[in-house]
Amino acid sequence: MEDLLRMKVAGVVLSGGPASVYSPSSPHPDEALLRGHIPVLGICYGYQLIVQAHGGEVERASRREYGKSSLTILDRSGLFSGFSQDKISCWMSHSDAATRLPAGMSVLGVSDNSPYAAVQSADGRQFGVQFHPEVAHTEKGSAILSNFVFNVCGAKRGWSMSNFLDETIADLSARIDGRVLCAVSGGVDSSVASVLLNRAVGDKLQCVFIDTGLLREGEGAEVSKFLREDLGVPIEFVDASRAFLSALDGVAEPEEKRRIIGRVFAEAFERYAREHGPFRYLAQGTLYPDVIESGHSSAPASVIKTHHNVGGLPKGLSMEVVEPLRALYKDEVRSLGALLGLPAKVLQRHPFPGPGLAVRIIGEVTPEKLRVCRQSNKVVEDALVEGGVYNKVWQGFAYVGDDRVTGVLGDERKVGYQVTVKIVESIDAMTADWYRASNELLESISAKITNEVEGVVSVVYAISSKPPATIEPQ
Ligand code: XMP
């Protein structure tokens, strides 16, 4: 608390988290923080901390809420100042709830299942919301956060992407005094990281593209074209696909697959580094959601998935890690990439998971399922581009498991694979909603997959949001 006062912090946001405030092992801030010197906004778990600290009651909710809900605004001042509507849709994800408010706290909004969905302390310096204003699916969530930051805390606007770019380049070029090795995958994050580093440290940078055998069709050739030929970034290609596929042989458990891919990736990377080194630094395009969801931040978020670009660093190499994008979300990385001159086609490319098609194959990764998955993914991507939908959605892809369903082909019974198509809308991948695709688009994807991908007799469409599902099936 003394540190916050010394730093003249304008306000504090206590974020959500997986713990329960009444559990003995749950994290609690310094009590002085909630005595009212600094404005505080508590979100979900953070809100429940405020309620508990002031003598209210938090309990396991009788009706839990996950996903979309409707908030009725009762008071259009404070957090909701400037709002013209009485209702907004908001995103909830909680199993605990405030059941009794502390004395003096007033209710600013209610939702279907939360009579205390938004509250304010008597002095107007502490606020709590049970929903998540920080996710894109909460309507006017940024306006709620802006009201807190600018109106309640009185903070000034000073951050811009071009300042961030200048400061990051200046920081990297002052700090980096040796060779840097950067693994690139062709995805937006590592491409932006490599171009940024190229700008900052010039020929101290060497990039390497490791083909895991789990990539999308034509990925290597495309990367070579835009990074090496168009942007002049030094890059070498290593085909390690046999090592990955043999290490994955017979493995079905998703986190085990991730660990194996992380380990084989680290080995391939390490070998390259030893043969072409010495390198002093290891650069990665890690983003903020990777840091949070992999449990590698100091925040107490649950480990949702072990994203291999964070979890599987080569431990045998004594290289310093450089992660220039670790404070950014994907949409911010895209804006940064645009400032750096990366082509729109690359920037708009849908995210692709580090462990590649292995997390789009449920159960064992077999050559047959890999082929079905790769070809079906290509059909979905092409159909989205042709239908003018690709740039409107966060991600569209296909996944396959071991389900075999009965079909009929040329009047004959034929048992084959069932492929699931998933298209989602999202801003930051922390939450997502399924895309309401047109019947025509779904019909053409289904027809193309069953006609063109040998061995598939059925196609289904995934209609789950995140939460409760994650975007990738594994
Ligand atoms: P999930 O499936 O966690 O994905 O909702 C969030 C976003 O991150 C992308 N992504 C990954 N997903 N392992 C993953 O499971 C990874 O290593 C990884 N890297 C990126 C994912 O495609 C989605 O956009």
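The values are calculated or read from the model by the stated rules, or taken from the named source; none is laboratory data. None of the values given here were measured: they were computed from a predicted structure. FYI the Cβ positions are ideal-geometry reconstructions off the backbone, even for glycines, and counts take in every protein chain you see. For accessibility, only protein heavy atoms count, side chains too; no ligands or nucleic acids. Shrake-Rupley method; radii C 1.70, N 1.55, O 1.52, S 1.80 Å.
Summary of values
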| quantity | calculated |
| --- | --- |
| The range 361-461, accessible surface, carbon-and-sulfur percent (1.4 angstrom probe) | 47 |
| All-pairs alpha carbon distance profile, the range 361-461, 5 Å steps from 0, percent | 2, 13, 24, 23, 18, 13, 6, 2, 1, 0 |
| Within the accessible area of the range 168-273 (1.4 Å probe), percent carbon and sulfur | 48 |
| Mean Cβ count within 10 Å, highest first, over the residues of peptides 163-170, 451-458, 321-328, 127-134 | 127-134, 321-328, 451-458, 163-170 |
| Full-extension gain in nm, ALA10 to LYS68, via 0.36 nm per residue minus C-alpha separation | 17.8 nm |
| Orientation-averaged projected area, Cα convex hull of the range 87-150 (nm²) | 4.5 |
| Packing-based order for 144-157, 374-387, using average beta carbon neighbours within 10 Å, highest first | 374-387, 144-157 |
| Tensor-based shape of the range 161-347 (alpha-carbon gyration tensor, a/c under 1.5 rounded, otherwise prolate or oblate) | rounded |
| Stokes-Einstein D in µm²/s, Kirkwood radius over Cα pairs - the chain at 37 °C with 0.692 mPa s viscosity | 134 |
| Label-to-label distance, nm, for residues given as GLU452 and SER241 (7 Å Cα→Cβ offset) | 1.9 |
| Helix axis angle, 330-339 relative to the chain longest principal axis, alpha carbon, degrees | 70 |
| Heavy-atom surface of the chain, accessible at 1.4 Å and reported per residue (Å²) | 45 |
| Flagged links, alpha-carbon separation over 28 Å, of LYS8/LYS466; LYS87/LYS345; LYS204/LYS225; LYS156/LYS466; LYS225/LYS330; LYS68/LYS156 | LYS8/LYS466; LYS87/LYS345; LYS156/LYS466; LYS68/LYS156 |
| In the range 381-452, trypsin sites (Lys or Arg not before Pro) in a DSSP loop with at most 11 other beta-carbon atoms within 10 Å | ARG436 |
| Cα gyration tensor shape for the range 2-152, rounded if a/c is under 1.5, else prolate or oblate | oblate |
| Candidates per chymotrypsin sites (Phe, Trp or Tyr not before Pro) in the range 1-105, loop by DSSP, up to 12 other Cβ within 10 Å | none |
| Listed peptides 107-120, 352-365 by packing density, highest first (mean Cβ within 10 Å) | 352-365, 107-120 |
| Hydrodynamic radius of the range 175-231 per Kirkwood, over alpha carbon pairs, in Å | 11.9 |
| Nonlocal amide H pairs with SER185, under 5 Å, H built at 1.01 Å | SER190, SER191 |
| Cα centroid separation, the range 52-71 to the range 155-209 (Å) | 42 |
| Förster radius 60 Å - calculated FRET efficiency between ASP171 and VAL460 (Cβ-Cβ, nearest 0.05) | 0.80 |
| Neighbour net charge for ALA103 - beta-carbon separation under 13 angstrom, K R +1, D E -1 | -1 |
| Size of charge dipole - the range 161-347 - debye, nearest 20, with Cβ of Lys, Arg +1 and Asp, Glu -1, no other charges | 200 |
| Solvent-accessible area, 1.4 Å probe, carbon plus sulfur percent, for the range 2-152 | 49 |
